[in-house]
1. Between Glu188 and Ile75, what is the spin-label point distance in nm, taking each point 7 Å from the Cα along the Cα→C-beta axis?
2. Hey, how many Å between the Cα centroid of the range 140-167 and the Cα centroid of the range 2-74?
3. Suppose R0 equals 45 Å. What FRET efficiency, 1/(1 + (r/R0)^6) with r the Cβ-Cβ distance, do Gln58 and Asp147 give to the nearest 0.05?
4. If one computes P(r) from the Cα atoms of the range 88-351, what percent of pairs lie at distances over 27 Å?
5. To the nearest 0.05, how large is the calculated FRET efficiency for Gln350 and Glu258 if R₀ is 41 Å and r is the Cβ-Cβ distance?
6. Pop out the carbon and sulfur fraction of the accessible area of the range 170-292 as a percent, whole number, probe 1.4 Å.
7. Quick one: with all protein chains in place, what share of the accessible area of the range 23-68 is carbon or sulfur, to the nearest percent (1.4 Å probe)?
8. Note down the net charge around Gly325, summing +1 for each Lys or Arg and -1 for each Asp or Glu among other residues with Cβ under 10 Å from its Cβ.
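The values are calculated or read from the model by the stated rules, or taken from the named source; none is laboratory data. All values reported here derive from a predicted model rather than from experimental measurement. Every residue, glycine among them, receives a Cβ derived from its backbone with ideal geometry; neighbour counts consider all protein chains shown. Please note that ligands, DNA and RNA were not included when accessible areas were found on the heavy atoms of the full protein model with its side chains. Shrake-Rupley method; radii C 1.70, N 1.55, O 1.52, S 1.80 Å.
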Amino acid sequence: MSDNSFGRLLRVTTFGESHGPAIGCVIDGCPPGIAIAPEDFRADLDRRATGKSRHTSQRHEADEVEILSGVYEGITTGTPIGLLVRNTDARSKDYSKIAEQFRPGHADYTYLHKYGRRDPRGGGRSSARETTMRVAAAVIAKKWLRDRHGITVQAHVSQIADIRPRGFDVAAIEGNPFFWPDASQVAEIEAFMDALRKSGDSVGARVDVVARNVPPGWGEPIYGKLDAEIAAAMMSINAVKGVEIGAGFAAVAQRGTEHRDLMSPAGFASNHAGGILGGISSGQDITCSVAFKPTSSLRLPGATVDTAGQPVEVITTGRHDPCVGLRAPPICEAMLALVLMDQALRHRAQCGDVGVVLPVVPGGGA
Ligand code: EPS
């Protein structure tokens, strides 16, 4: 069975293939009264897009969002919002040579096993192109979270291969093609990426994403825990292989006295929990770290099999990202924002009348 929708009260369904006529989404359950215009999608779609620097795929998509439904006179009406983006720069002939072969490490092998047929052009639904519509849908979620709750969601790249930020300046993140928080390392990363691209190989990356000003109380124990739904949302992004919340796997080596986040009326002393306790937001920053695998479409030959099960050597030509994680910060922001808005609506539905029962420990990132 296919599964192309996520969220309970805010339910997003995406459709379309990388080389089909269009990709799109339906956002159901969005509250009425949110102002939204086609130009509101531009900034985040550009942040995610290919072709914005020499370090990403050189496919140049227009990424123009058409609002098909659910918005009247610039305001959401509460009915399903339909968004469409037409594909304008697919080059399917790049894929004719590998239509009968499997790229090692790519989903084309498992898609064919599952469905018995596949759209080999551009990876179909397993392409990073699919993430466009998540980012578009989340433009509305980010706006609602910011306007109603003062919540901001921001991501940056926190590792490329074994390169890690030496410093952290939030103002640097949007000022370079790598969403990198230390401007003094940009030249080094540029040289690394240039050499990688020339070698024909690819590399993985880590993306950190944080949501600030989330109030305590969001998350639905036990099977709708906030951290469980964030992890599922991140893992649903093509190319993601790992997700950590707060201290994540570092918690394994910590003592309880180190891991616990001490509290006082002035606030929390640390944030190893990543802003979530028992699957419910604590009021601290929600912090999440996401691992992206190296792109599997490589022009370097690799051993594989064809659809007849015969051994062949595959070479992938075309316009591929040497590090798909470099375009991922807006995608991780989108998934976090969509989960948070869904959880906010669910919290309001069940517990909207509860009100404040105890003094709130000031949140923040400590
Ligand atoms: C992708 C391969 C490339 C990228 C694409 C993701 O597409 P193509 O092979 O058609 O040139 O350009 O990314 C996008 C088009 C996008 O908008 O993100 C892949 O195999 O995942």
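1. So the two model labels end up 5.2 nm from each other.
2. The range 140-167 and the range 2-74 have Cα centres separated by 19 Å.
3. About 0.75, to the nearest 0.05.
4. 46
5. After rounding to 0.05, the efficiency reads 0.75.
6. It is 60 percent, rounded to a whole number.
7. C and S atoms contribute 55 percent here.
8. My count for the surroundings of Gly325 gives +2.
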